[in-house]
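Here the structure comes first, spelled out in structure tokens, and everything after it is commentary.
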Amino acid sequence: MVQVSGGEVVVVGLFDSLRRRAKGGQRAGTLRKASSEDTRHLEEWVASRHGVEAYVEPRTNVTETTVVLIAHDGEWTRRRIGSLEAAQQFGHRRSIPVYEVARVGYPKRMREYTERKKRGQV
């Protein structure tokens with residue numbers, strides 16, 4: 001199908017409107033990989049807190065592998081990371097322990113922090 005717009009010829013496919021793209025030009029329904037922004041956020045977060053530990057969450061059908069960084073007081077952040085191995089290297093370079101959530105679960109201080117935050121006490 002050809003559409004003419006202001007003297008310009010534009011080729012329009014029959015199903016083009018159904019092929020939407022997510023942020024960053026990715027096809028809808030595809031998993032976003034870890035980016036340099038993710039890594040930068042994690043690095044800055046670790047540098048600005050103490051007692052940080054890393055908890056790696058496995059890849060799922062809707063999300064790539066992620067790492068949750070948890071500080072001494074339970075404050076936490078989550079970002080994508082390339083793999084378990086990438087998370088282990090990240091932790092090793094920063095001298096922080098790395099755990100697999102599927103094996104050890106989340107620490108109690110993280111749950112307590114989340115509850116305090118819900119109550120507006122953080």
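Taking E8 as the residue in question, decide whether it is over 29 Å from Q121 (Cβ atoms), open to solvent by less than 90 Å² (accessible area, probe 1.4 Å) and at pLDDT below 95.
Working: over 29 Å from Q121 (Cβ atoms): yes; open to solvent by less than 90 Å² (accessible area, probe 1.4 Å): no; at pLDDT below 95: yes.
For E8, the condition - over 29 Å from Q121 (Cβ atoms), open to solvent by less than 90 Å² (accessible area, probe 1.4 Å) and at pLDDT below 95 - is not met.
Evaluate the following for R32: is it modelled with pLDDT of 95 or more, outside any helix (DSSP H, G or I) and among the charged types (D, E, K, R)?
Details: modelled with pLDDT of 95 or more: no; outside any helix (DSSP H, G or I): yes; among the charged types (D, E, K, R): yes.
Spelling it out, it is not the case that R32 is modelled with pLDDT of 95 or more, outside any helix (DSSP H, G or I) and among the charged types (D, E, K, R).
Just to be sure I understand the filter: pairs with C-beta atoms under 6 Å, separated by 6 or more residues or on different chains, first member in region 62-89 and buried (at least 16 other Cβ atoms within 10 Å of the Cβ), second member modelled with pLDDT under 95 and assigned to a helix (DSSP H, G or I). Which pairs pass?
Matching pairs, first to second residue: R79/D38; R80/D38.
Applying the selection to region 44-61, what residues are in a loop (DSSP other than H, G, I, E, B) and buried (at least 18 other Cβ atoms within 10 Å of the Cβ)?
Within region 44-61, just V52 meets the criteria.
For region 64-122, give me the residue count where each residue is modelled with pLDDT under 95, assigned to a helix (DSSP H, G or I) and under 13 Å from the mean Cα position of the chain (by Cα).
Of the residues in region 64-122, 0 are modelled with pLDDT under 95, assigned to a helix (DSSP H, G or I) and under 13 Å from the mean Cα position of the chain (by Cα).
The values are calculated or read from the model by the stated rules, or taken from the named source; none is laboratory data. Bear in mind the structure is a predicted one, so any value in this text is a computation, not a measurement. FYI the Cβ positions are ideal-geometry reconstructions off the backbone, even for glycines, and counts take in every protein chain you see. Heavy atoms of the whole protein, side chains included, go into the accessibility calculation; ligands, DNA and RNA do not. Shrake-Rupley method; radii C 1.70, N 1.55, O 1.52, S 1.80 Å.
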